[in-house]
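The values are calculated or read from the model by the stated rules, or taken from the named source; none is laboratory data. What you are looking at is a predicted structure, and each value in this text was computed from that prediction instead of being measured. Every residue, glycine as well, gets a Cβ built from its backbone with ideal geometry; the counts of neighbours run over all protein chains shown.
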Amino acid sequence: MEGTGTTSRTGRDGDGGRTGSPPSDPLDAEAPGTIAVDEREPHVLRITGAADALTVEQTCAREGLDPIALGRALAAAGVTEIDLSEATFIDSSVLALVVSLMPALRPAHLRVRGATGSVLTVLTVTGLDALVELC
């Protein structure tokens, strides 16, 4: 499980497809999302930037797996922690990936570190913070 999936949150380049014009959506200016196992810490899955459905889809395509199978494969490869310290945005597709890791880790809890701002808000509003170990 190596490599990085990248895309902008909206699937458009930063100028909304219009060369020389400002972004039409402020989130277009965010760093594209990435999802990758940390080579130095193979038990850590790093999610960075604006990670959304396209980021998850690209990661799945790279690995040749559907999102649920990707979560199971990550758990089988030893991923026990997710680092969100560099994530600026996550959507329900990223939440589904996080949840798909959890059954394979029972009875242990999945550790999620570094969530702040809107990313932490998403985890708490959805109740996922009660199912993982936030650190």
Regarding Arg106, is this residue modelled with pLDDT of 95 or more and basic (Lys, Arg)?
-> no
Filtering the stretch 59-102 down to residues that are over 13 Å from the mean Cα position of the chain (by Cα), under 18 Å from Glu133 (Cα atoms) and in a loop (DSSP other than H, G, I, E, B) yields Gly78, Val79, Thr80
Identify the residue in the stretch 56-110 that is charged (D, E, K, R) and under 21 Å from Pro32 (Cβ atoms) and, among all such residues, is surrounded by the fewest Cβ atoms within 10 Å (Cβ to Cβ).
-> Glu86
Could you tell me whether any residue of the stretch 102-114 is in contact (Cβ under 8 Å) with a residue 12 or more places away in the chain and closer than 16 Å to Asp52 by Cβ?
-> no
For the stretch 34-58, what are the residues that are among the hydrophobic types (A, V, I, L, M, F, W, C) and either in a loop (DSSP other than H, G, I, E, B) or within 23 Å of Arg111 (Cβ to Cβ) (or both)?
-> Ile35, Ala36, Val37, Val44, Leu45, Ile47, Ala50, Ala51, Val56
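Within the stretch 106-128, is there a residue that is assigned to a helix (DSSP H, G or I), touching a Gly at 6+ places or on another chain (Cβ under 6 Å) and small (Gly, Ala, Ser)?
Checked the stretch 106-128: no residue is assigned to a helix (DSSP H, G or I), touching a Gly at 6+ places or on another chain (Cβ under 6 Å) and small (Gly, Ala, Ser).
Going by the structure shown, is Ala51 small (Gly, Ala, Ser), crowded, with 17+ Cβ neighbours inside 10 Å and in contact with a strand residue (DSSP E or B) (Cβ under 6 Å, 6 or more places away or on another chain)?
yes
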